[in-house]
Each structure stands twice: as structure tokens, then as C-alpha cells.
Amino acid sequence: MLRMTTNRLQKILLAYWLIVPILFYLYVGITSFIQETSIQQMLQVSPGIALGNLLACLMLFQAGIFFFVRRLSQSKNGLLGQFTFVAIPQQLLTGNIIGAVLAFFLARSLNSGKEDATLQTKIIFYFVLGFIFLFSCLTAFIAFRLRGA
């Protein structure tokens, strides 16, 4: 069985969270060019594209946070373990199955160990996690309302 290293999984997850939004914005730009409309008009007319924009922004934000957290922590009990623990249900909440699976495998590959982060780092980290989860709930609520309309 192929066992992936933690470092490789981190790179794959980070690349996934960066490439998917880039491909989405490329798609929106090409579609806007072909339809000869502005991107702003597309966001106002098509709720699906507006929702996709929210999800793409969330993924980019999450990729940025993940990039900095992985520099501070590498253990299951540290900030990276907590980040992946929150990322799994968050990715499922927004319908990102691939992101949830990658975060799950990353969480499983992390080593157990104790890390001490500063109080200021922990406060910022928990605030950002709360923001990500709140934004995800808002996005899921909007997606639910779009399906009902």
C-alpha cells in the first residue's frame, strides 16, 4: 500500500486549495470573455457563480492560513492537528469532498507530539478558525437557499 508522507500530503492539500480557485476564476474569465459581459454582471445575474466566488475566496483564505500554520506546527496535538480537525467538517459543510478527504489523510499522517504556541498565536488562530467556520456556515446556508429557490 502506498503510504504518503506528511510533507507530501501538506503540499498536495495546499496545491489543491490554490489550484481549484485559480481554475474557477479562469473559467469565469473565459466565460465572461465569450459572452461579452463583465465579471461583475455575471456575479449579479448568476447566483451559482456568486456562490462559487465565495467558495473560491474561502479556499484561498484557508490555503493562506494553512501555509502559515504548517510553518508553526507539525503535530497532531499542535495547531496543525487542530486546523485539520476543523478543516474536515468545514470542507464537508461546503461540499468539498476532495478537500475533506485530503485533510482527513493529512490528519492521520501527523505525528503525536506536544508543541507550545504563544498565547497571541493561539488567539489569532482560534479567531481565524471561527471566522472560517462561520463563513462556511453562511456559504452552506446560501447554497441551501439556492437549491430551494
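Taking only complete DSSP H runs, can you tell me which helices of the chain stretch 24 Å or more along their own long axis by Cα positions and average at least -1.0 on the Kyte-Doolittle scale? Don't skip to the end; give the middle numbers.
Details: long enough: 6-35 (43 Å, 1.11); 47-72 (38 Å, 1.47); 119-148 (44 Å, 1.54).
Helices meeting the criterion: 6-35, 47-72, 119-148.
Work from the charge dipole of the chain (Cβ charges, +1 for Lys and Arg, -1 for Asp and Glu, about the Cα centre) and give the residue of 124, 23, 43 farthest towards its positive end.
124
Rounded to the nearest 500 deg cm²/dmol, what is the calculated helix-only ellipticity per residue at 222 nm for the chain, with -39500 (n - 2.57) per DSSP H run of length n ≥ 4? Show your work: numbers first, answer last.
On the way: 6 runs with 121 residues, N = 149.
Rounded to the nearest 500, the figure is -28000 deg cm²/dmol.
Using only the Cα atoms of the range 1-61, construct the convex hull and provide its projected area averaged over every direction, in square nanometres to one decimal. Please report the intermediate quantities before stating the final value.
Details: hull surface 21.7 nm².
The Cα convex hull of the range 1-61, projected and averaged over all directions, gives 5.4 nm².
Given a 1.4 Å probe, how much area per residue of the chain is accessible, in Å²?
Dividing the accessible area of the chain by its residue count gives 64 Å².
Which distance in Å, rounded to a whole number, links the C-alpha centroids of the range 74-90 and the range 1-39?
Answer, in whole Å: 22.
Got the relative contact order for the chain handy, in percent, Cα pairs under 8 Å and 6 or more residues apart?
Result for the chain is 27 percent.
P(r) tail for the range 40-110, what percent of Cα pairs lie past 14 Å?
For the range 40-110, the share of Cα pairs beyond 14 Å comes to 63 percent.
Under the Kirkwood approximation applied to all pairs of distinct alpha-carbon atoms, what is the hydrodynamic radius of the chain in Å? Don't skip to the answer; put the middle values down first.
Details: mean 1/r = 0.0604 Å⁻¹.
Radius from the Kirkwood sum: 16.6 Å.
Nearest 20 debye, what's the magnitude of the dipole of the chain about its Cα centre given +1 on Lys and Arg Cβ and -1 on Asp and Glu Cβ?
Values: 11 positive and 3 negative charges, 100 e Å.
Result for the chain is approximately 480 debye, rounded to the nearest 20.
Long-range amide H contacts for residue 75: which residues qualify at under 5 Å (H placed 1.01 Å from N, peptide plane, sequence gap of 5 or more or a different chain)?
Amide H neighbours of residue 75: 80, 81.
The values are calculated or read from the model by the stated rules, or taken from the named source; none is laboratory data. Just so we're clear, the structure is a prediction, and the values are computed from it rather than from any experiment. Every residue, glycine among them, receives a Cβ derived from its backbone with ideal geometry; neighbour counts consider all protein chains shown. Heavy atoms of the whole protein, side chains included, go into the accessibility calculation; ligands, DNA and RNA do not. Shrake-Rupley method; radii C 1.70, N 1.55, O 1.52, S 1.80 Å.
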